[in-house]
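The values are calculated or read from the model by the stated rules, or taken from the named source; none is laboratory data. Worth saying up front: this structure is predicted, and the values here are computed from it rather than measured. Methodologically, a virtual Cβ is constructed for each residue, glycine included, from the backbone with ideal geometry; neighbour enumeration extends over all protein chains shown. The protein model used for the area step is the full one, side chains on, heavy atoms only, and it has no ligands, DNA or RNA in it. Shrake-Rupley method; radii C 1.70, N 1.55, O 1.52, S 1.80 Å.
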Amino acid sequence: MTEARATALVLEDVHKSFGSHEVLRGIDLAVDEHEVVCLIGASGSGKSTLLRCVNLLEPIDEGRIVVNGRDLTAPGVDVNEVRKGIGIVFQAFNLFPHMTVLRNVTLGPRKALGLSRAQAEAEALELLGRFGLADRGGDYPDRLSGGQQQRVAILRALAMRPKLLLLDEVTSALDPELVSEVLQLIRELAEGGMTMVVATHEMSFARDLADRVCFLDDGVILEEGRPEQIFSAPREQRTQQFLARIVAAGRL
Amino acid sequence: MAKRRRGEGRRGVVIAVVSTVVVFTALGLAIVNAPGWPEVKAQFFDWNEFKSTFPDVLSAFWLNVKLFCIAEVFILPLALLLAIVRSLPGPVFFPLRVLSIAYTDFFRGVPTILVIVTLGFGAPALQLQGIPQSTTFWGVVSLVLVYTAYVSEVYRAGIESVHPSQSAAARSLGLNHLQSVWYVVVPQAVRRVIPPLLNDFIGLQKDTALVGILGAVEAFKQTQIDQAATFNFTSSICAALLFVAITIPLARFTDWLVARDRRRQFAGAPA
């Protein structure tokens with residue numbers, strides 16, 4: 001990483017508690033433009049909360065979050081403006097069940113970006129076509145397979161033309177045979193230069209795709225580095241234990 | 001296998017028909033042969049009386065139809081507004097939330113007839129300029145006030161039943177709170193509460209009879225007029241039939257609407 005890259009996302013000493021339980025205990029992280037950072041760690045280590053905080057779905061208690069040079073945590077920030085530039089995709093898809101696929105994908109561009117219906121639909125159809133969902137525009141989400149639903153959810157986020165995409169365990173709710181179609185879509189986005197922060201349990205995916213892997217443990221980033229280093233020669237004992245459990249479970 | 005099942009199905013139909021005929025005939029005979037039946041029949045089910053009062057009750061019932069249609073047109077949007085106001089987040093909207101809660105608590109708690117009598121006789125008596133003098137007008141206002149409180153609670157139940165991850169998804173696309181409520185939460189909420197909304201609409205239809213107390217000649221008032229002249233209550237049966245004649249098709253129509261929507265939206269919904 002010798003080339004000079006602009007920084008897409010900076011987190012400085014981010015703290016977040018739910019009640020008396022401190023979920024994030026001082027997170028520092030910088031993500032460059034076009035970089036793919038994977039967050040790994042046990043359930044409850046704070047991966048999802050971290051992503052939700054970046055999108056301001058959860059207010060943070062302490063620290064600073066800067067996206068594309070803009071301090072999201074400064075007072076008076078328009079959260080709606082901020083969110084337009086940050087896409088997030090959830091584990092449970094969270095598609096809108098009462099809307100067709102096309103309306104799911106065009107809702108944000110039409111209502112938040114103010115695009116005309118015709119333009120939003122043209123862009124959405126182009127997007128759906130590019131990722132093999134061209135004939136699904138008129139279907140309701142419940143008619144789709146889990147893999148298709150999650151791909152639609154990713155395209156719904158992409159339709160907003162985000163500068164930063166946050167993926168929160170997007171394959172965890174899928175049947176194993178449906179995981180690969182979603183991972184393939186993410187791979188294409190990464191190759192297209194999308195800046196992404198990906199919380200994942202798919203270790204081989206993290207190893208193949210990530211520019212950098214961060215191991216979260218108990219609300220802090222305990223170890224981070226190139227995937228080869230993290231997966232082959234983890235320095236921290238906790239990282240070694242976590243990866244040993246993953247290997248034992250046959251997931252690496 | 002399929003043949004046998006079809007045979008069993010036919011046998012089932014025959015059994016159902018026979019047992020229904022037997023039970024209803026027995027019931028009918030029991031009623032007709034009961035002591036006092038001739039008196040009951042003369043008092044409530046007099047055919048000549050029915051023929052002579054039905055046209056009057058029917059034309060009076062037309063006023064009920066107008067009353068509940070006009071009231072419902074105001075109730076549905078006002079109640080939704082009230083429910084949305086109650087769901088507004090943040091400290092700025094605290095006074096609005098309090099107002100919304102106070103309104104619902106009050107008008108849900110007060111007997112409808114009390115509101116109708118108080119406003120219907122009280123408001124015109126003020127003789128204020130610009131305030132309508134029609135008691136019927138105030139009767140409709142009373143129904144709107146009371147039913148808006150009920151219906152807003154129905155909407156609120158629907159709104160709160162939509163999982164927060166739905167509004168999180170909408171907000172994450174950059175929609176503001178009201179946009180996420182309007183485009184994502186409310187459409188799902190309304191679909192879920194259509195049966196209880198219909199419940200309250202039927203309640204409203206029946207409560208239009210209370211406006212008769214103010215003097216407007218609607219179906220109930222008309223039956224009272226008939227009864228005062230003839231001391232026969234058959235006209236009440238006329239009115240009852242008219243009310244039921246409206247609600248039953250409405251209920252079936254709503255069932256059909258809901259089923260059609262479910263078929264469209266959900267895979268595996270029964271066709």
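Of all residue pairs spaced 6 or more apart or on separate chains, those with beta-carbon atoms under 6 Å, a first member in segment B:161-174 that is within 7 Å of chain A (Cβ to nearest Cβ) and a second member that is open to solvent by 20 Å² or more (accessible area, probe 1.4 Å) and of a type outside the set (Lys, Arg) are B:Ala168/A:Leu57; B:Gly174/A:Asn80.
Taking the criterion of being in contact with a Phe, Trp or Tyr (Cβ under 6 Å, 6 or more places away or on another chain) and either of a type outside the set (Ser, Thr, Tyr) or on the phi > 0 side of the Ramachandran plot (or both), the residues of segment A:196-252 that qualify are A:Arg207, A:Leu222, A:Glu223.
Please verify whether segment B:85-103 includes one or more residues that are surrounded by 20 or more Cβ atoms within 10 Å (Cβ to Cβ), touching a residue at least 12 places away in the same chain (Cβ under 8 Å) and among the β-branched types (Val, Ile, Thr). The answer is no, given that none of the residues of segment B:85-103 is surrounded by 20 or more Cβ atoms within 10 Å (Cβ to Cβ), touching a residue at least 12 places away in the same chain (Cβ under 8 Å) and among the β-branched types (Val, Ile, Thr). Could you tell me whether segment B:24-34 includes any residue that is farther than 17 Å from B:Asp226 by Cβ, assigned to a loop (DSSP other than H, G, I, E, B) and over 23 Å from the mean Cα position of the chain (by Cα)? For segment B:24-34, residues farther than 17 Å from B:Asp226 by Cβ, assigned to a loop (DSSP other than H, G, I, E, B) and over 23 Å from the mean Cα position of the chain (by Cα): present.
Go through B:Phe45, B:Phe54 for me and flag whichever is farther than 19 Å from B:Ala189 by Cα and surrounded by 15 or more Cβ atoms within 10 Å (Cβ to Cβ). Checking each option against the conditions leaves just B:Phe54. When you scan segment A:68-80, do you find a residue that is modelled with pLDDT under 95, part of a strand (DSSP E or B), on the phi < 0 side of the Ramachandran plot and open to solvent by 10 Å² or more (accessible area, probe 1.4 Å), even just one? Yes. If B:Tyr147 meets every condition in (1) open to solvent by 40 Å² or more (accessible area, probe 1.4 Å); (2) more than 14 Å from chain A (Cβ to nearest Cβ); (3) touching a residue at least 60 places away in the same chain (Cβ under 8 Å); (4) of a type outside the set (Gly, Ala, Ser) apart from one, which number is that one? Among (1) open to solvent by 40 Å² or more (accessible area, probe 1.4 Å); (2) more than 14 Å from chain A (Cβ to nearest Cβ); (3) touching a residue at least 60 places away in the same chain (Cβ under 8 Å); (4) of a type outside the set (Gly, Ala, Ser), the lone unmet condition for B:Tyr147 is (1).
Here is the figure for segment A:91-101: residues that are within 22 Å of the chain's Cα centre (by Cα) and open to solvent by 10 Å² or more (accessible area, probe 1.4 Å) total 6. Residues of segment B:241-256 that are over 24 Å from B:Val57 (Cβ atoms) and surrounded by 13 or more Cβ atoms within 10 Å (Cβ to Cβ): B:Thr254, B:Asp255.
Suppose the filter is farther than 12 Å from A:Leu164 by Cβ, hydrophobic (A, V, I, L, M, F, W, C) and in a strand (DSSP E or B); does A:Val14 pass it? Talk me through it step by step, then tell me what you get.
On the way: farther than 12 Å from A:Leu164 by Cβ: yes; hydrophobic (A, V, I, L, M, F, W, C): yes; in a strand (DSSP E or B): yes.
Criteria met by A:Val14.
For segment A:59-80, the set of residues classified as small (Gly, Ala, Ser) and either within 13 Å of another protein chain (Cβ to nearest Cβ) or more than 23 Å from A:Arg212 (Cα to Cα) (or both) consists of A:Ala74, A:Gly76, listed by residue number. Let me confirm something: among B:Asn199, B:Asn232, which residue is open to solvent by 70 Å² or more (accessible area, probe 1.4 Å), modelled with pLDDT of 90 or more and away from every other protein chain (no Cβ under 14 Å)? Result: B:Asn199 is the single residue among B:Asn199, B:Asn232 that is open to solvent by 70 Å² or more (accessible area, probe 1.4 Å), modelled with pLDDT of 90 or more and away from every other protein chain (no Cβ under 14 Å).
Tally up the residues in segment A:166-184 that are of a type in the set (A, V, I, L, M) and within 11 Å of chain B (Cβ to nearest Cβ), please. Going through segment A:166-184 one residue at a time, the tally reaches 1. Of all residues in segment A:96-131, exactly one satisfies the criterion of being without any contact (Cβ under 8 Å) to a residue 40 or more places away in the chain, assigned to a loop (DSSP other than H, G, I, E, B) and either away from chain B (no Cβ under 14 Å) or of a type in the set (Ser, Thr, Tyr) (or both), namely A:Ser116. Under the condition of being closer than 26 Å to B:Ala259 by Cα and surrounded by fewer than 20 Cβ atoms within 10 Å (Cβ to Cβ), the residues counted in segment B:165-182 number 3.
When B:Gly130 is tested against (1) modelled with pLDDT of 95 or more; (2) outside any helix (DSSP H, G or I), just one condition goes unmet, and that condition is (1).
Look through segment A:46-58, keep the residues that are more than 12 Å from every other protein chain (Cβ to nearest Cβ) and free of Cβ contacts under 8 Å to residues at least 60 places away in the same chain, and return whichever of them is least open to solvent (accessible area, probe 1.4 Å).
Of segment A:46-58, the ones more than 12 Å from every other protein chain (Cβ to nearest Cβ) are A:46-47, A:49-50, A:53.
Next, only the ones that are free of Cβ contacts under 8 Å to residues at least 60 places away in the same chain stay: A:49, A:53.
Numbers: A:Thr49: 20, A:Cys53: 0 Å².
Residue satisfying both the conditions and the ranking: A:Cys53.
Of the residues screened, B:Arg252 is not one that is within 14 Å of another protein chain (Cβ to nearest Cβ) and out of contact with any helix residue (DSSP H, G or I) (no Cβ under 6 Å at 6 or more places or on another chain).
Could you please let me know if A:Gly87 is closer than 30 Å to B:Arg264 by Cβ, in contact (Cβ under 8 Å) with a residue 60 or more places away in the chain, of a type in the set (Gly, Ala, Ser) and within 14 Å of another protein chain (Cβ to nearest Cβ)?
Yes; evaluated as a whole, the condition is true for this residue.
With respect to (1) open to solvent by less than 70 Å² (accessible area, probe 1.4 Å); (2) within 23 Å of B:Val115 (Cβ to Cβ); (3) part of a helix (DSSP H, G or I), the lone exception for B:Gln227 is condition (2). Scanning segment B:63-80 for residues that are hydrophobic (A, V, I, L, M, F, W, C) and touching a residue at least 60 places away in the same chain (Cβ under 8 Å) yields B:Leu63, B:Val65, B:Leu67, B:Phe68, B:Ile70, B:Ala71, B:Phe74, B:Ile75, B:Leu76, B:Leu78, B:Ala79, B:Leu80.
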